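Below is one structure, written out as structure tokens; the observations come after it.
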């Protein structure tokens, strides 16, 4: 009797598992076979493998990065300019100076 009560408590979980297994079986039966997928995607798989092999070889033969290179500020100004919004800097460049305002009033 305890087994029956436990099964009734889990009937929703069992139903979801059975439905999921049925949907999975239908997809396996109606979908393409593994050989069809491999025959279609072999150029992509091959080129990806060659690329990963080339990256691993280049990482192995390239010299290790110099410890001071991580703190090198070369190009950080350009990166900050591209990545950030500089409204204050643009406003300061576009703002008229006091001399030009005085000249306008004359």
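Laboratory data are not the source of any read-out in this text; all were calculated from the coordinates shown. Keep in mind that what you see is a predicted model, and the values were worked out from it rather than measured. So basically every Cβ, Gly included, is an ideal-geometry build from the backbone, and we count neighbours across all protein chains shown.
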Stretchable slack from residue 25 to residue 62, in nm (0.36 nm times residue separation minus alpha-carbon distance) | 8.4 nm
Note: region 1-49 at 20 °C, 1.002 mPa s; Kirkwood Rh on alpha carbon pairs; Stokes-Einstein D in µm²/s works out to 152 µm²/s
Given the Cα atoms of region 7-79, and with Rh set as the inverse mean 1/r over their pairs in the Kirkwood sense, what is Rg to Rh to two decimals?
-> 1.39
Between residue 52 and residue 36, how many nm apart are label points set 7 Å from Cα along the C-beta direction?
-> 2.6 nm
